[in-house]
Each structure stands twice: as C-alpha cells, then as structure tokens.
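Have a look at the structure below, then the notes.
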Amino acid sequence: MTISLEAFAKVNLSLLVLGKRADGFHELDTIFQTIDLADRLTFEAAPALELQVDDPSLPTGDDNLVMRAARALQQTTGHRGGARIALEKRIPHGAG
C-alpha cells in the first residue's frame with residue numbers, strides 16, 4: 001500500500017519567537033495561512049526507515065525533519081517497522 005500526501009507551505013501573518021526549547025526548536029506564537037504551494041510525501045511499508053529526496057542538496061539522514069518526525073512517531077507508538085518515504089520538494093528549502 002502506498003500513501004501520498006501534500007505538505008502545504010504557509011505564510012506567517014504574525015510570528016513571535018518566545019524562546020528556545022530543550023529540543024533545539026523555538027517556542028512560537030504564530031498565526032499562519034496555508035497556500036497552494038506544497039511538497040509531496042509518499043509512504044510505503046519497508047523493514048526500516050529510509051528517505052529519498054528529489055533535491056540532492058537536502059540531507060536524507062536524521063538531520064532531515066521528515067526523518068526526525070518518522071523516528072519520533074516510531075518512539076511514541078512503539079512501532080518497530082519502517083517506511084520508505086519519498087519527498088518531492090516544491091517549497092524552497094527553509095521557506096515554509
């Protein structure tokens with residue numbers, strides 16, 4: 001079974017950075033609106049987690065947010081299986 005989803009870009013209408021969290025991310029107070037621009041993520045079952053990205057300038061290891069989210073999902077659910085994840089990058093890197 002294969003699942004494909006779009007991850008939409010957003011425009012911040014209001015953004016306040018409240019401080020840095022222990023996990024390295026920032027605590028935010030924001031109002032945002034999604035727009036039509038989107039990356040596409042495709043998932044299929046696999047023995048381990050793996051990420052394929054169509055932009056060679058992007059990492060595919062644990063420093064990629066997609067992989068970090070997938071590993072956090074494994075830890076939270078206790079699921080030991082994996083997934084083959086394909087990321088079709090359409091949103092400019094770091095832009096939303």
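The values are calculated or read from the model by the stated rules, or taken from the named source; none is laboratory data. Just so we're clear, the structure is a prediction, and the values are computed from it rather than from any experiment. Cβ placement follows ideal geometry from the backbone for every residue including glycine, while neighbour counts extend to all protein chains displayed. What goes into the accessible areas is simple: the full protein's heavy atoms, side chains included, and nothing from ligands, DNA or RNA. Shrake-Rupley method; radii C 1.70, N 1.55, O 1.52, S 1.80 Å.
Apply the Debye scattering formula to the chain, with a single equal point scatterer on each alpha-carbon and no solvent, then give log10 I(q)/I(0) at q = 0.10, 0.11, 0.13, 0.20 Å⁻¹.
Here log10 of I(q) over I(0) equals -0.33, -0.40, -0.56, -1.16.
To the nearest whole percent, what portion of all C-alpha pairs in segment 49-96 is separated by more than 14 angstrom? All intermediate terms of the calculation are to be shown ahead of the outcome.
Values: 582 of 1128 pairs.
In whole percent, the share of Cα-Cα pairs in segment 49-96 beyond 14 Å is 52.
In the chain, with Lys and Arg counted as +1 and Asp and Glu as -1 at Cβ, which of these residues, F8, G78, A38, has the Cα nearest the positive end of the dipole, that is, farthest along it?
The Cα lying farthest towards the positive end belongs to G78.
To the nearest 10 degrees, how steep is helix 65-77 against the longest Cα principal axis of the chain, on a 0 to 90 scale?
The angle comes out near 70 degrees.
Set the Förster distance to 22 Å, then compute FRET efficiency between L37 and R68 from the Cβ-Cβ distance, nearest 0.05. List each step's numbers first, then the result.
Working: r = 22 Å, r/R0 = 1.01.
Computed FRET efficiency for L37 and R68 comes out at 0.50.
Hey, what's the chain come to in accessible area per residue, 1.4 Å probe, Å²? It would help to have the intermediate numbers written out before the result.
Values: 6910 Å² over 96 residues.
Heavy-atom accessible area per residue stands at 72 Å².
Looking at the square roots a ≥ b ≥ c of the eigenvalues of the Cα gyration tensor of segment 1-51, which shape do they give, rounded for a/c under 1.5, prolate if a/b is larger than b/c, or oblate?
Taking the square roots of the gyration eigenvalues as a ≥ b ≥ c, segment 1-51 is oblate.
Scan segment 63-96 for trypsin sites (Lys or Arg not before Pro) in coil per DSSP, keeping those whose Cβ has at most 10 other Cβ atoms within 10 Å, and list them by number.
Numbers: sites: R68, R71, R80, R84, K89, R90; in loops: R80, K89, R90.
Loop-located and lightly packed - R80.
So for the chain, averaging the separation of alpha carbon pairs under 8 Å that are six or more residues apart and normalising by length, what relative contact order in percent results?
32
Hey, what number do you get for the chain at 222 nm if only DSSP H runs of n ≥ 4 count, each worth -39500 (n - 2.57), divided across all residues, to the nearest 500? Provide the component values of the computation, followed by the final result.
Values: 1 runs with 13 residues, N = 96.
Only helices count here, giving -4500 deg cm²/dmol.
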